1. Are any residues in the stretch 7-56 surrounded by 11 or more Cβ atoms within 10 Å (Cβ to Cβ), among the charged types (D, E, K, R) and more than 30 Å from LYS76 (Cβ to Cβ), and if so, which ones?
2. When you look at GLU4, is it surrounded by fewer than 10 Cβ atoms within 10 Å (Cβ to Cβ) and either modelled with pLDDT of 80 or more or in a helix (DSSP H, G or I) (or both), yes or no?
3. Take the stretch 87-144 and flag every residue that is surrounded by 10 or more Cβ atoms within 10 Å (Cβ to Cβ) and of a type in the set (Val, Ile, Thr).
4. Could you check how many residues of the stretch 78-124 are over 30 Å from LEU38 (Cβ atoms) and touching a Leu at 6+ places or on another chain (Cβ under 7 Å)?
Amino acid sequence: MSSEEFWKDDPQLFVSYRTSFINKKKREMEEMDYKCWLQGLYVYKATINSEEVLRNTLVNMFSSKKQNLKLEEYPKKPFSEMNKEEKKEIQKEKKYEDFHNSLCYFGSMKQRYIDSIANKERWYNVWIMRLKFSLKTALQVKKN
């Protein structure tokens, strides 16, 4: 913010600049924190892997029976990319599950609708038969 803007423009402009600056610094801190955390995660995985190598070597040196422990390979992609792929797979499975559930739901709704129509037709037929019967009896009573 220039001094001219500070002294001559709207005071709210200073508040906006200040808020923008604070938010920018927060984002930078969060990004730096994430980068440090990610670096620590990589170092942790490398340390665990080197411990397994050392343990495997020592066990094989001092025991008569050779053991071959499977070691983890170095990740081919950053963890964040692997997580994105996993999330995509999970979303794909969820979409498929939602689609399947909606098919089941709408299929059952269709069946209920068909059953209700059949039930209405059955009741309609019973009602028609009763109406015909009552008309017949009314005509017979009228004749007598």
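1. Selection gives ASP9, ARG18.
2. Numbers: surrounded by fewer than 10 Cβ atoms within 10 Å (Cβ to Cβ): yes; either modelled with pLDDT of 80 or more or in a helix (DSSP H, G or I) (or both): yes.
Here the answer is yes, as GLU4 does meet what is asked.
3. Hits for the stretch 87-144 are ILE90, ILE114, ILE117, VAL126, ILE128, THR137.
4. Residues of the stretch 78-124 over 30 Å from LEU38 (Cβ atoms): 96-124.
Narrowing further to those that are touching a Leu at 6+ places or on another chain (Cβ under 7 Å): none.
Total meeting the criteria: 0.
The values are calculated or read from the model by the stated rules, or taken from the named source; none is laboratory data. Just so we're clear, the structure is a prediction, and the values are computed from it rather than from any experiment. Note: ideal-geometry Cβ built from the backbone for every residue, glycine included; neighbour counts use all protein chains shown.
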